[in-house]
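Participant: Got a structure for you, questions after.
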Amino acid sequence: MKLALIGFGQAGGKVVDEFLSFDDAIGGGFIESAIAVNSATTDLKGLERITDENRILIGQARVKGHGVGADNELGAEVAEADIDEIQGAIDRIPVHEIDAFLIVAGMGGGTGSGGAPVLAKHLKRIYTQPVYGLGILPGTDEGGIYTLNAARSFQTFVDEVDNLLVFDNDVWRSAGESVEGGYDRINREIVERFGLLFAAGEVEQGDHVAESVVDSSEIINTLSNGISTIGYAREVVDADTGLLSSLTGDDEFDDGAATNRMTSLVRKAALGRLTLPCDVSSADRGLVVATGPPSHLNRKGVERGRQWLEDETASMEIRGGDYPIPSRDEVGAIVLLSGVTDVPRIEQLQQVAIEAQETTEDVRASADEEFASLMDTGGELDALF
């Protein structure tokens, strides 16, 4: 699947930078173009792989390159005001060669959470390709303002994109990690899961062809609307074992171990740590992709995993296929769950945001009263003017 990636804000830009690194590492070829948009000059300068001409600074008239200070209303305003600047970079993309746009943004800050929905609305008005969002939720310990930003951005973003893929930082944080080290690891987790999904259908000359190809239309049909989450499970294997068994005519490995392993990995992927935890049964569409050395992938294992997920979700729209990667020494299963509705984290996010909003309003009202009381001299002192 060929994508145009647009990283909006600090987190979005870093994740797109990491996507480019991952695409090179696996030879995936799923990124057609990559753009970073930000209101802070320093964030754009910190990127390593996105070309200089595709680093777009917005809001210079309002914030002078210093960012919007976690004010996502201001982030939306500067994105709207400078949408032509962003469009100038998009005009350099060979749009006729892409299957979809993917806008990546952290939802707790100001520029990304405010500007990403604005850009999504703009792109959907102009182009026929699907516009997807990849929204990254802040941890619950990051503060009320970031939770409020995320809740408001989420509510807006999900309405403006064809599908919102979500990654919840709260689920993936590890105790004792430094902030920088934690985010770097989390970004790699994000990129591996979503990168393998989007790379699955890109087959170039000389590549191993999958037994059951996952093409872009299957991913697009799975991501038709709503909210999505991804599970991923993997296991290290001896890449030579499967090849040896096929050369010697030993079918025990192919029909037994490989099938059972894949079925088990699909279950682990769906029932383990999802990018956004949810009740699997609430998904109305799904996609299973097996990845790894070709010798360890077989159609029977993928089909059994797909059938299991169909039973779990009670949905007839569960697709499946494989993505051979000869260079990897592990076999894995990606499970995409789309249209999920039973998501406790979103309900919690919204409730905390409502409470934070009410608290903020109370604090502001109280502060105004206290300031008025502080400055009240009973009319005995006049101001200069």
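The values are calculated or read from the model by the stated rules, or taken from the named source; none is laboratory data. All values reported here derive from a predicted model rather than from experimental measurement. Methodologically, a virtual Cβ is constructed for each residue, glycine included, from the backbone with ideal geometry; neighbour enumeration extends over all protein chains shown. Just so you know, the surface numbers come from the protein's heavy atoms only, side chains and all, with ligands and any DNA or RNA stripped out. Shrake-Rupley method; radii C 1.70, N 1.55, O 1.52, S 1.80 Å.
Participant: How would 263, 42 rank on accessible area, largest to smallest, probe 1.4 Å?
Facilitator: So the residues, ranked largest to smallest area, are 42, 263.
Participant: Could you tell me the distance between the Cα centroids of segment 1-18 and segment 220-235, to the nearest Å?
Facilitator: Result: 18 Å between the Cα centres.
Participant: I need the P(r) histogram for segment 105-168: all alpha carbon pairs, bin width 5 Å from 0 out to the longest distance, whole percents.
Facilitator: Over segment 105-168, the share of Cα pairs per 5 Å bin runs 4, 22, 31, 22, 12, 6, 3, 1 percent.
Participant: If you place +1 on the Cβ of every Lys and Arg, -1 on the Cβ of every Asp and Glu, and leave all else neutral, what size is the dipole of the chain about its Cα centre, to the nearest 20 Debye?
Facilitator: 640 debye
Participant: Next question. Mind checking which aspartates and glutamates have their Cα closer than 14 Å to the Cα of residue 124? Skip sequence neighbours fewer than 8 apart in that chain.
Facilitator: Output for residue 124: 99, 159, 160, 162.
Participant: Quantify, in whole percent, the carbon and sulfur part of the accessible surface of the chain (1.4 Å probe; protein heavy atoms only).
Facilitator: 47 percent
Participant: On a 0 to 90° scale, report how tilted helix 258-271 is relative to the longest principal axis of the chain, with both axes built from alpha carbons and the result rounded to the nearest 10.
Facilitator: 20 degrees
Participant: A further question on this structure: Between segment 155-173 and segment 275-344, how far is it from one alpha carbon centroid to the other, in angstrom?
Facilitator: Centre-to-centre distance over Cα atoms comes out at 20 Å.
Participant: Something else about it: Can you give me the three principal axis dimensions of segment 307-358 from its C-alpha atoms, in Å, biggest first?
Facilitator: Here the Cα extents, ordered largest to smallest, are 54, 30, 12 Å.
Participant: If packing is taken as the average count of other Cβ atoms within 10 Å, what order do 10-18, 82-90, 29-37 fall into, highest mean first?
Facilitator: 10-18, 29-37, 82-90
Participant: How big is D, in µm² s⁻¹, for the chain by Stokes-Einstein at 25 °C and 0.890 mPa s if Rh is the Kirkwood radius over C-alpha pairs?
Facilitator: Once the numbers are plugged in, D ends up at 111 µm²/s.
Participant: One quarter of the convex hull surface, Cα atoms only: what value does that give for segment 1-111 in nm²?
Facilitator: 6.5 nm²
Participant: Sequence neighbours fewer than 8 away in the same chain don't count; with that in mind, list the lysines whose C-alpha is under 20 Å from residue 300.
Facilitator: Filter leaves 268.
Participant: Return, ordered by residue number, the residues of segment 130-155 whose backbone nitrogen is under 18 Å from a label point located 7 Å along Cα→Cβ of residue 358.
Facilitator: 144-145, 147-149, 151-152
Participant: Could you tell me how many degrees, from 0 to 90 and to the nearest 10, lie between the Cα long axis of helix 9-26 and the main elongation axis, the longest principal axis, of the Cα atoms of the chain?
Facilitator: Helix 9-26 sits roughly 20 degrees off the main axis of the chain.
Participant: A further question on this structure: Please compute the length gained on full extension between residue 217 and residue 171, using 0.36 nm multiplied by the number of residues separating them and subtracting their Cα-Cα distance.
Facilitator: Gain on stretching residue 217 to residue 171: 13.5 nm.
Participant: What ranking, highest mean first, results for peptides 145-153, 121-129, 265-273, 325-333 when packing means the other Cβ atoms within 10 Å averaged over each residue?
Facilitator: Taking the mean over residues of other Cβ atoms within 10 Å, the ranking is 145-153, 265-273, 325-333, 121-129.
Participant: Also: Add -39500 (n - 2.57) for each DSSP H run of 4 or more in the chain, then divide by its residues: what number comes out at 222 nm, to the nearest 500 deg cm²/dmol?
Facilitator: Value at 222 nm, helices only: -15000 deg cm²/dmol.
Participant: Further, regarding this structure: For segment 255-358, calculate the relative contact order in percent as a whole number, restricting contacts to Cα pairs under 8 Å that are 6 or more residues apart.
Facilitator: 38 percent
Participant: Figure the gain on full extension for residue 384 and residue 300 (residue separation times 0.36 nm, minus the Cα-Cα span) and round it to one decimal in nm.
Facilitator: Extending this stretch completely gives an extra 21.7 nm.
Participant: Where the Cα atoms of segment 262-333 are projected onto their three principal axes, how long is each span, largest first, in whole Å?
Facilitator: If we take the Cα atoms of segment 262-333, the spans are 35, 22, 16 Å.
Participant: Give me the lysines in straight-line cross-link reach of residue 64: C-alpha distance below 27 Å, same-chain residues under 8 apart excluded.
Facilitator: The qualifying lysines are 14, 45, 121.
Participant: Tilt of helix 239-248 relative to the longest C-alpha principal axis of the chain, in degrees (0 to 90, nearest 10)?
Facilitator: Value to nearest ten degrees: 20.
Participant: Right, here's the next one. Find, to one decimal place in angstroms, the Kirkwood hydrodynamic radius of segment 1-52, where the mean of 1/r is taken over every pair of different Cα atoms and then inverted.
Facilitator: 11.0 Å
Participant: Moving to a separate point now. Heavy atoms only, probe 1.4 angstrom, no DNA, RNA or ligands counted: give me 229, 41 ranked by accessible area, highest first.
Facilitator: 41, 229
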